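The values are calculated or read from the model by the stated rules, or taken from the named source; none is laboratory data. Quantities reported herein were computed from a predicted structural model and do not represent experimental measurements. Don't worry about glycine lacking a Cβ; one is built from the backbone with ideal geometry, like all the others, and counts go over all protein chains shown. Calculation scope for accessible area: heavy atoms of the full protein, side chains included, ligands and nucleic acids excluded. Shrake-Rupley method; radii C 1.70, N 1.55, O 1.52, S 1.80 Å.
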Amino acid sequence: TKSVMAEYDKNLTDIAYITSIAEFQTHLHLNDLSKKRAMEKYYEIYRACLKNTAIIGRQLQSLINSNHTSIRWLLQRTQAIGEAGENNTVNKFEIQKLKTSLKEIYYRKFIWNSTQLGIDEVQEILGALESPDDLLALWNATYEVAMPMRENYSKLIAAQNQQAKQNRLNDKSESTSNMEERHVVEQLWQELKPLHRLLHAYIRQKLYKLHPKHVQLDQPIPVHLTKDIFGSMMTYLMKDILPFPHLKEIDLGPAMKRNNFTEENLFQYADQFFVSLNLTKVSNNFWNLSVFKKIPGRSMACHPTAFDMYKYDDVRIRMCTSLTSRDFYIVHHEMGHIQHYLQYKSLPFWFRRSPHGAFSEAIGDAIALAAMSPTHLKRIGLLENYTLSKEDNINFLVSQGLSRLFLPPYAYALDIWRWSVYNGSIQPSEYNRRYWNLVCQYQGMKPAKPRDEQYFDAGTKIHVAFDLSYIKYFLAHVFQFQIFDVLCQEAGYRGPLHLCDLHGSAAAGNKLKILLGLGSSKPWEDILEEFAGVRTFSAKSCLRYFKPLQDYLESLVEQGQLNVGWTCNNDKNDARRKTLSRRKFYLFIFMNFMLSISLF
């Protein structure tokens, strides 16, 4: 068994290396069809190898109860190899064809203000706009890109559900998230919801003062006014909504420019942070082969992405970086992925991945929490003349809330929509309406005007266009605080959680290696228990981190300064639709009755 699986490990590693390089190059040359065809060819070879692996794994199923833990877990994983290992070649190629078409639509350029843009290039421009009309014009233009996706997306759902049934599942969503995980997400959301609603009310009130004609104090927030495409990471609002604007804000952009930072410097700071924790320094290859900023005149993918090439310590990042607080955070997040790859690089191919999607995302975010701490920013010279008064702390926590407390409800709404599409409770004729209903219900956001079914607004999110699960980001945004709390305790820190600086703590780094180095060689619950002493995700650390902010916002409510909550028009609209349907039915009966009389 060991020799057979070792041979497949070597073959898969070689093929994955070639395929990853082809994918990296394709993303840098979106208009080069030869590179795209090469990538597709290598992916077919990779899928064929996976298929053979699945077949061999199933032939060895009798050994699944082996006393050898690694063999047993490896065989369990090969039993679950998904669509790449399926036998229905026609259906498999149809799925790949549909996925390719959705990606091509996502990468289409559009013209705004005489500038050619892709969806990935919009955010920085949107964040710099001030006029509500300009914000809405760019937001509308961005969301129009996904309109042609609707037909092929519904075909993709049907094809994937057919494939899932061949795999003895009810629908595709069962392969991406089980009912137990959804129960955990719902429980976590109920814990987070009071804090989210408080911060939502505070932001809405500040936006009302800025844009009284566009915001109502008992309604959802028009999403374009958040200066974020999805209203999930609203860091560009910070200077307009801090509760104590007379105090110095944490805006790293001007400080980085004063210190003559380059885009590469951001990654160097993140690398140094990991090294200070006694973790692995990236190799020269990383600096030579990564792409840190947009290449002029090149049509390339800009969505921040970390790549594990699977051989020769070859790890890379592709990102169109800007010198902003937002990207300082994102760079540390992406370097968390890189560190994860470096720590489990000696494991067999099968185990060189995260044991749960939330792990890899949360690890980078936990380090970003430490890197964004005022204590750490002062240490590295990016925060000068900054005090740590109660008001400063509240300002800081508001800025952190803008980047961390609105993604969980958006992620939950998005994947509830996706699960409902897969199980048929949302039909293609109502894709857009039901998407915005869920965004309103969970996130408290809405479009400036109702958007009908000619649009496919969910497809503006890359994870929908690329058919990638998003619920892991919900879990990661909770789990990052759990990781951060454990690491701060290991470092001997006992103060307010939001002021913890992990820099230089080898003890914290050694603890983090438990999460990083095991890859997926054990079930995620076992790894979490080894790291934190518990077997599930918890929101307690997140709530503790934001406790000073929650207390402050609750005091504003008690003083009558905040109106919490919002009303969605979904129920009214649904009732109106039912009334109209009944009227049409009665009219149909009446007309038929009159026709029968006339014929008689």
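Before moving on, here are some points about what is shown:
- The slack between residue 385 and residue 462, meaning 0.36 nm per residue of separation minus the straight C-alpha distance, is 23.7 nm.
- Links that overshoot a 29 Å alpha carbon limit, given the list 257/513; 378/511; 155/446; 36/345; 257/345; 41/311: 257/513; 257/345
- For a paramagnetic label modelled on residue 559 (point 7 Å from Cα along Cα→Cβ), amide N atoms under 16 Å away belong, within the stretch 204-231, to 205-206.
- Residues whose amide H falls under 5 Å from that of residue 112, counting only those 5 or more places apart or on a different chain, are 117, with hydrogens built in the peptide plane.
- Protection proxy ranking for 105-113, 323-331, using the average of other Cβ atoms within 10 Å per residue and placing the highest first: 323-331, 105-113.
- Förster radius 56 Å - calculated FRET efficiency between residue 187 and residue 10 (Cβ-Cβ, nearest 0.05): 0.85
- The spacing between the stretch 347-361 and the stretch 24-56, judged by their C-alpha centroids, is 21 Å.
- Whether the stretch 296-385 is rounded, prolate or oblate, judged on the alpha carbon gyration tensor where a/c under 1.5 counts as rounded: oblate
- Full extension of the chain segment joining residue 248 with residue 56 gains 62.9 nm, where the gain is 0.36 nm per residue of separation less the Cα-Cα distance.
- Overall, the accessible surface of the chain at a probe of 1.4 angstrom is composed of carbon and sulfur to the extent of 52 percent.
- The separation of the stretch 169-194 from the stretch 106-154, counted between C-alpha centres, amounts to 31 Å.
- Listed options for semi-axes √(5λ) of the Cα gyration tensor in Å are (i) 37, 35, 24; (ii) 48, 40, 25; (iii) 45, 29, 22. The value calculated from this structure is the one marked (i).
- Once the 1.4 Å probe is applied to the protein heavy atoms, the stretch 257-399 comes out at 35 Å² accessible per residue.
- Summed residue charge, Cβ within 15 Å of residue 346's Cβ, Lys/Arg positive, Asp/Glu negative: +2
- Rounded Å value of the spacing that divides the Cα centres of the stretch 530-558 and the stretch 366-388: 21 Å
- When both bridge partners sit in the chain, DSSP labels roughly 70% of those beta bridges antiparallel.
- The chain, relative contact order [Cα under 8 Å, separation at least 6], %: 18 percent
- Relative contact order of the stretch 141-227, pairs being alpha-carbon contacts under 8 Å that are 6 or more residues apart, as %: 11 percent
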